[in-house]
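The next block holds one structure in the form of structure tokens; read it before the comments.
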Amino acid sequence: MEKNHANYRDVNENPCNMCMPMGGILAFKGLEQSMVILHGSQGCATYMRRHMAEHFNEPIDVASSSLNEKGTVYGGEKNLKQGMDNVIKAYRPGVIGILTTCLAETIGEDIDRISQEYLREKGYGDLPVVTVNSPGYGGTHTEGYWLTLRRIVAQLARPTEAHARINVIIPNLSPADIREMKRILQLMQVDYILLPDYSDTLDRPYQKPYHKMPEGGTKLADIAAMGGAAATIQFGLTVDESMSPGHCLASEFGVPLYNLPVPMGIENTDMFINLLVKLTGNPLPACLEQERGRLLDCMIDSHKYNARGRSVIFGEPDNIYGVAKICLENGIYPVVVATGSKNPKLVKLLEEKLAHSPLRCTVLTETDFTTIRKQSRGKANIAIGSSEGRFLTEKEGIPLVRYGFPIHDRTGGQRLLSVGYAGTTMFLDRITNTLLEHKHNHYRKSMYEMFYLNNQPVEEFFLESSGEQHDVLMQSEPRH
Ligand code: SF4
């Protein structure tokens, strides 16, 4: 759709994403005994450590090559080699991940050559090092996450004899969600290799004495074996092939790829479970069937409240697609769906699903929170996304259900469960209760009340109050 130039700003104000290496760190934290070095200035590492420490409530160790003015002019080779030396001495890692930042990429640092040269010079030939070019301006943290997974697979998977295990590759989920995925796989008696697995490394049990390198993470031997797996299930419907680890395993080793939506909501979770039944030949266990029944029961219990919900959803593409599916299944019609990523696949997927919604929805990509707020004003009565959307509550009075990454103004972001039948049930309760609480707190006082009490049909109200169209990439037309 053509841009409205009268309102076009060529800047982002408070973008709806974080920068590329942040996602790369997250992916590396899901490998066993891994340590990350950011090749760049100290500030980049500090910003990312802080965000992750507040979300996961864990100490987050990320090394920095600490580039300064001198390194910027004469090159950062010495700094990176010194950094690798310090990391090996202090942590004795099983694998090192090296991510570039804006500065290192802008001055054209060759991290492959530098790291390989260092390993040769020091005689560490056996130590695996995975390099990722990830300037902040190269994409969002989502692209950084997926590109890093692809680089991990491309550099560590080996030609292997065929075996019956199934690769499971997940997007940026909470540690609690990863544990739920593993529980479902175990219930279905699937022999799996899950990548990445930071369910323990970023949410470890209290332990004394403290260990610098947490236990857990995907084993390097398992990653090496991914090339011989019977299949890959990747929860990355919106991921571009150039960043898709599943696509890499399919093209390099011929592993069949099944790309699925994140199992959030009834339909998406059914797709996951049905695929497991098909691939393994194992029946659906009774407890999962009961959990599905309880989710249906929860949907029935709460539908009379949720039918009034109008949502603004924001975050990472695959995650918000899952949230949008939950909303659509429960009558909480999305009026704004937004991501900081540039993602045509997401737009297409949403276009198909929103075609059945009775309300017009604005889909924003590469967007910021100023635009999201403007588009949500007077239309949405519930927001679903990370803590970065708290201004929707503070400035627009739209209550926020916290989901995704980062959650830094509440505790327990790492324990939020939202996937599978059981996780969807808990997530739906969080949404419904937020709508109820907001209704009770604003009874006869707010815009929200107008939706309920002025006898104006909700659809007409939205049509009349639809604001300017700004950076709108797709709209589904209202249907009556
Ligand atoms: S955007 Fe660039 S400079 Fe800023 S934190 Fe990210 S990598 Fe560092």
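Just so it is clear, none of the values below were taken in a lab; they were calculated from the coordinates. A quick note: this is a predicted structure, and the numbers were derived from the prediction, not measured. No Cβ is skipped: glycine too gets one built from the backbone with ideal geometry, and neighbour counts run over all protein chains shown.
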| note | Once the mean of 1/r over all distinct C-alpha pairs in the stretch 18-102 is inverted, the Kirkwood radius in Å reads 13.0 Å
| query | Taking 0.36 nm per intervening residue step and subtracting the Cα-Cα distance, what contour gain separates Ala164 from Glu394 on full extension? | reply | 77.6 nm
| field | Helical mean residue ellipticity (222 nm; -39500 (n - 2.57) per DSSP H run of 4+; nearest 500) of the chain | value | -14000 deg cm²/dmol
| query | Where does the stretch 234-321 land on Rg/Rh, using Cα atoms and the Kirkwood Rh? | reply | 1.07
| query | With the radius of gyration and the Kirkwood radius both derived from the Cα set of the stretch 166-280, what is their ratio Rg to Rh? | reply | 0.98
| remark: Sorted on mean Cβ neighbours within 10 Å (highest first), peptides 102-108, 50-56 come out as 50-56, 102-108
| query | What Kirkwood hydrodynamic radius do you get for the stretch 30-79 when you take the inverse of the mean 1/r over all pairs of distinct Cα atoms, in Å? | reply | 11.9 Å
| message | Quick check on the chain: of the DSSP beta bridges with both residues there, what percent are antiparallel, nearest 5%? | response | 10 percent
| note | Applying the gyration tensor rule to the Cα atoms of the stretch 132-189 (axes a ≥ b ≥ c; rounded if a/c under 1.5, else prolate if a/b exceeds b/c, else oblate), the class is oblate
| task | Please give the helix 42-56 orientation as an angle from the longest Cα principal axis of the chain, in degrees from 0 to 90, rounded to the nearest 10. | result | 50 degrees
| query | What order do you get for 390-400, 221-231, 67-77, 147-157 when each peptide is scored by the mean count of other beta carbon atoms within 10 Å, highest first? | reply | 147-157, 221-231, 390-400, 67-77
| Near the amide H of Cys361, under 5 Å away, which other amide H atoms are found, from residues 5 or more places off or on another chain, if H is placed in the peptide plane? | Ser476
| task | Take the Cα pairs of the stretch 219-280, get the Kirkwood Rh, then feed it into Stokes-Einstein at 4 °C and 1.567 mPa s and tell me D in µm²/s. | result | 104 µm²/s
| query | Over the stretch 76-146, one equal point on each Cα, no solvent: what is log10 I(q)/I(0) by the Debye formula at q = 0.27 Å⁻¹? | reply | -1.27
| request: Please turn the phi angles of the stretch 27-37 into ³J(HN,Hα) values with the Karplus equation 6.51 cos²θ - 1.76 cosθ + 1.60 (θ = phi - 60°), one per residue in order, whole Hz, x for glycine and proline. | output: 5, 5, 5, x, 9, 5, 6, 9, 9, 10, 10
| said: Give me a comma-separated list of calculated 3J(HN,Hα) values for the stretch 366-383, in order, Karplus coefficients 6.51, -1.76, 1.60 applied at θ = phi - 60°, integers in Hz, x for any Gly or Pro. | reply: 6, 10, 10, 6, 5, 5, 4, 4, 4, 6, 8, 3, x, 10, 9, 10, 8, 10
| request: Of all alpha-carbon pairs in the chain, indicate the percentage at a distance above 40 angstrom. | output: 22 percent
| request: For the pairs Lys278/Lys304; Lys29/Lys81; Lys89/Lys182, note any where the Cα-Cα span goes beyond 26 Å. | output: Lys278/Lys304; Lys89/Lys182
| task | Quote to one decimal, in nm, the extra length available between Tyr210 and Arg415 on full extension: 0.36 nm per residue of separation minus the C-alpha distance between them. | result | 71.7 nm
| Whose amide H sits under 5 Å from the amide H of Thr131, counting only residues 5 or more places off or on another chain, with H placed in the peptide plane? | Ile98
| said: Quick check: net charge around Thr432, other residues with Cβ under 11 Å of its Cβ, Lys/Arg +1 and Asp/Glu -1? | reply: +1
| field | Equivalent ellipsoid semi-axes - Cα gyration tensor, the stretch 19-162, angstrom | value | 21, 19, 15
| query | Where in the stretch 100-133 is the amide nitrogen less than 16 Å from a point lying 7 Å along the Cα-to-Cβ axis of Thr72? | reply | 101-109
| remark: Note, the stretch 309-315: 3J(HN,Hα) by Karplus (6.51, -1.76, 1.60, θ = phi - 60°), whole Hz, Gly/Pro = x, goes x, 10, 9, 10, 10, 8, x
